[in-house]
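All remarks here apply to the structure that follows.
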């Protein structure tokens, strides 16, 4: 069995950050025809459902850059990789010391509450507005310190903050100093400009999540994956491309991603991933 996994933004999705109805139909036709496909994205389950409406994703999806492996149909979290409350407190203290409040993604059972801070810049407001647009049920207004004031939290999956590059670099340096055992990923936000930082557990990466997905398919569904292919464009895809047999970059990918890829295909705005999948699957 061959498994295909794609990033969403600037890889599978179009220029406007959506999948057109025509593209969704092409993807769905491939899956119905037997293509073994899923997505690995920084986005959450509600966002995946919204963006891939009409696409019958049968396999578990990889959310939050690998922090969650979820059965999308039932909503059940199969595995999660969180920071742990102690490491999360150390990271949170770094933000508090700088007078900055990030988005905090928590875990309560199969629920993934997203605590929303004050939106004091364009990037932070965009992050909120984009989720409010599709009615993301995770959104919750955050108290001053959501970690300290919510006893129901079982884990913290990640912190997210958007701002100017210099501010993002300063936050990354502070977190690396105070919590050296966490995963720090920074990348440009091409939708609005500016930069984004995501702080998560070391295993909360797409590469490790793909390995766990392959194990899940073998152990729970008796599906034996003999070859893996992944498509990506940005720094949060590096571990994923390292973990698969066939690493593919879209032409708009960063130089670092292109250097890791075994093949470079067309531009994400021209449905390059779908073109590749159709060619490989149907010949």
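The values are calculated or read from the model by the stated rules, or taken from the named source; none is laboratory data. Given the structure is predicted, the values throughout are model-derived calculations rather than measurements. Cβ sites come from the backbone with ideal geometry, for glycine too, and all protein chains shown count toward neighbours.
Assorted remarks:
- Being surrounded by 14 or more Cβ atoms within 10 Å (Cβ to Cβ), without any contact (Cβ under 8 Å) to a residue 24 or more places away in the chain and either more than 23 Å from residue 17 (Cβ to Cβ) or touching a helix residue (DSSP H, G or I) at 6+ places or on another chain (Cβ under 9 Å) (or both) holds for only one residue in 119, 138, and it is 119.
- When residues of the stretch 222-275 are limited to those that are touching a strand residue (DSSP E or B) at 6+ places or on another chain (Cβ under 7 Å) and assigned to a helix (DSSP H, G or I), the one surrounded by the most Cβ atoms within 10 Å (Cβ to Cβ): 240
- Within the stretch 187-194, none of the residues are more than 29 Å from residue 79 (Cα to Cα), in a helix (DSSP H, G or I) and in contact with a helix residue (DSSP H, G or I) (Cβ under 6 Å, 6 or more places away or on another chain).
- Qualifying position, being over 19 Å from residue 17 (Cα atoms) and under 15 Å from the mean Cα position of the chain (by Cα), among 198, 182, 175: 198
- Residue 219 fulfils the conditions (1) assigned to a helix (DSSP H, G or I); (2) without any contact (Cβ under 8 Å) to a residue 24 or more places away in the chain; (3) farther than 24 Å from residue 81 by Cα except for a single criterion, (3).
- Checklist (1) surrounded by 22 or more Cβ atoms within 10 Å (Cβ to Cβ); (2) over 25 Å from residue 281 (Cα atoms); (3) touching a residue at least 60 places away in the same chain (Cβ under 8 Å) applied to residue 70, failing item: (3)
- Of all residues in the stretch 82-116, those satisfying the criterion of being more than 22 Å from residue 72 (Cβ to Cβ), surrounded by fewer than 16 Cβ atoms within 10 Å (Cβ to Cβ) and without any contact (Cβ under 8 Å) to a residue 40 or more places away in the chain are 86, 99.
- Given (1) in the same structural domain as residue 12 (by TED's automatic domain parsing); (2) out of contact with any helix residue (DSSP H, G or I) (no Cβ under 7 Å at 6 or more places or on another chain); (3) not in a strand (DSSP E or B), number of the condition residue 208 does not satisfy: (2)
- Within the stretch 14-67, the set of residues being under 19 Å from the mean Cα position of the chain (by Cα) and either part of a strand (DSSP E or B) or on the phi > 0 side of the Ramachandran plot (or both) comprises 17, 37, 38, 39, 40, 61, 62, 63, 64, 65, 66.
- Complete set of residues in the stretch 141-164 that are surrounded by 14 or more Cβ atoms within 10 Å (Cβ to Cβ), in contact with a strand residue (DSSP E or B) (Cβ under 6 Å, 6 or more places away or on another chain) and not in a strand (DSSP E or B): 142, 146, 153
- Of the set (1) outside the structural domain of residue 9 (by TED's automatic domain parsing); (2) over 22 Å from residue 201 (Cα atoms), all apply to residue 30 but (1).
- Given (1) farther than 16 Å from residue 90 by Cα; (2) not in a loop (DSSP other than H, G, I, E, B), index of the condition residue 203 fails: (2)
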